[in-house]
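Before any comments, here is the structure.
The values are calculated or read from the model by the stated rules, or taken from the named source; none is laboratory data. The model shown is predicted, which means the values in this text are computed figures rather than measured ones. With ideal geometry, Cβ positions are generated from the backbone for all residues, glycine too; neighbour counts draw on all protein chains shown.
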Amino acid sequence: MALSNLPLSYCTNVHPGRSLAEVEQGLDQYTAPLRVNYAAPLAAGLWLAAPVIAELLGKPGRVPAFRDSLARRGLTCHTLNAFPYGDFHSRRVKENVYLPDWTDRLRFDYTLACAQVLAELLPTGIEGSISTVPLAFKGFEHPAGHREACADLLIETARALDRLHAETGRLVRLAIEPEPYCLVETTDEAVEFFALLWNRAAATGALPAARQHLGLCYDVCHQAVEFEDIAASIGKLAAAGVRINKVHITCALELAAPGKNEAGRRALAGYVEERYLHQTLARAPGGAILRQIDLTNQLALEPPAEFRDAAAWRVHFHVPVNAESLGPLRTTRNELRQALAAVKGLDYAPHLEVETYTWEVLPGGTAGSGARNLVEGLTGELVATRSLLREISASQ
């Protein structure tokens, strides 16, 4: 099977979008110039926060007008990011990005509203996808039966998406996005949860809808941070019948031999920042995986003995996907190659989206120095990704 032949998508959660006007401003300031630089068809992987969705659905004609404005900019849209519910660019996001979780009807209502908007934005004959939170954050307390409650609300979502399909002819699939320190973070946890989900769906007659509309967003950065064998991970999901509806083309930071690599640890300290959560995992010499909830100066500069003696660290910090290394730090671009090669072997083609949302908080303030620099950075990512996709498509 070939990789997706839809226009490559990039996620607009890299830009502020607290209102519809701000979203449109970002499309004009960044996305339209990026499409010109990229010199190929480009899809906007839109992040439309709950207030923006409310604006779009609050008055008849707004969604068609927005669709027309995308067309005027030479853009299409086949996927939404509905992971961040509210302000993704506030001073401190961290663990709040996982709220509301999948036991909260606010999450259900927001997701269904996103699906209604996407159904109107989709090009004719194209399926849609929406990425969402991996149930909930492990750092929060959850009552007994929390996973089951998440499963039940997701099954209700699948039924609603099935009705939307019947009413509009537009098929929209939901993509749960595993992430470190969340209730679904590893491949094994994903397989286990979907087994629970299928069983509960079967008991209520909703299994066909659940299988059609529910799957995963495979964020390569996240699974690389878990030190997973990427090809084996994707193979395990396929064997379990868990569909990958969307692939986030992403890279993480890697620090090799931290005990001996003081320069690398000092460089890593430069990535400590207050907005996003940067879960940090280490692989011990015996293979055990150690976890810290966030990257801190103390962890980088004065790590505990078990972290200092680890073979390597990986950090959930999305870095430009065209970088093999950043100073004394490596990236997981090799795992990205492995992921795309494995996805090529599936008997369907997931949506592909570049999602480096951290440009504004990278050391040196890359995005802060002007829109032109951000557009150039994003262009480099997209051009390199296009080359990588061609390379993998041409391989046997």
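Determine whether region 189-212 contains at least one residue that is surrounded by fewer than 20 Cβ atoms within 10 Å (Cβ to Cβ) and within 23 Å of THR332 (Cα to Cα).
Checked region 189-212: at least one residue is surrounded by fewer than 20 Cβ atoms within 10 Å (Cβ to Cβ) and within 23 Å of THR332 (Cα to Cα).
Going by the structure shown, is GLU228 under 30 Å from ASN5 (Cα atoms), part of a loop (DSSP other than H, G, I, E, B) and out of contact with any Leu (no Cβ under 8 Å at 6 or more places or on another chain)?
Criteria met by GLU228.
Filter region 238-255 down to the residues that are among the hydrophobic types (A, V, I, L, M, F, W, C) and farther than 26 Å from ALA284 by Cα and list them by number.
ALA238, ALA239, ALA240, VAL242, ILE244, VAL247, ILE249
Could you list, in sequence order, all residues of region 135-177 that are in contact with a Phe, Trp or Tyr (Cβ under 9 Å, 6 or more places away or on another chain), among the acidic types (Asp, Glu) and closer than 25 Å to HIS248 by Cα?
Once the filter is applied, which keeps residues that are in contact with a Phe, Trp or Tyr (Cβ under 9 Å, 6 or more places away or on another chain), among the acidic types (Asp, Glu) and closer than 25 Å to HIS248 by Cα, region 135-177 yields only GLU177.
For region 100-125, name all the residues that are aliphatic (A, V, I, L, M) and either at pLDDT below 95 or surrounded by 16 or more Cβ atoms within 10 Å (Cβ to Cβ) (or both).
Of everything in region 100-125, those that are aliphatic (A, V, I, L, M) and either at pLDDT below 95 or surrounded by 16 or more Cβ atoms within 10 Å (Cβ to Cβ) (or both) turn out to be LEU112, ALA113, ALA115, VAL117, LEU118, ALA119, LEU121, LEU122.
Find the residue count for region 302-330, including only residues that are closer than 20 Å to ARG275 by Cβ and either at pLDDT below 95 or among the polar types (S, T, N, Q) (or both).
Going through region 302-330 one residue at a time, the tally reaches 0.
Give the residue, chosen from GLY259, GLY205, that is on the phi > 0 side of the Ramachandran plot and out of contact with any strand residue (DSSP E or B) (no Cβ under 8 Å at 6 or more places or on another chain).
GLY205
Out of the residues in region 160-188 meeting the condition of being crowded, with 17+ Cβ neighbours inside 10 Å and among the basic types (Lys, Arg), tell me which one is farthest from GLN279 (Cα to Cα).
Step by step, filter region 160-188, then rank; the result is ARG170.
Tell me, yes or no, whether region 17-34 has at least one residue that is closer than 17 Å to PHE83 by Cβ and surrounded by fewer than 17 Cβ atoms within 10 Å (Cβ to Cβ).
Yes.
If a residue must be under 30 Å from ALA311 (Cα atoms), outside any strand (DSSP E or B) and not acidic (Asp, Glu), how many such residues does region 190-225 contain?
Number of matching residues: 8.
Filter region 1-22 down to residues that are assigned to a helix (DSSP H, G or I) and touching a Phe, Trp or Tyr at 6+ places or on another chain (Cβ under 8 Å), then give me how many there are.
Of the residues in region 1-22, 4 are assigned to a helix (DSSP H, G or I) and touching a Phe, Trp or Tyr at 6+ places or on another chain (Cβ under 8 Å).
List, please: which pairs have Cβ atoms under 9 Å, are six or more places apart or on different chains, and start with a residue in region 88-105 that is without any contact (Cβ under 8 Å) to a residue 60 or more places away in the chain and end with one that is outside any loop (DSSP other than H, G, I, E, B) and acidic (Asp, Glu)?
That search, which allows pairs on different chains as well, returns THR103/ASP152.
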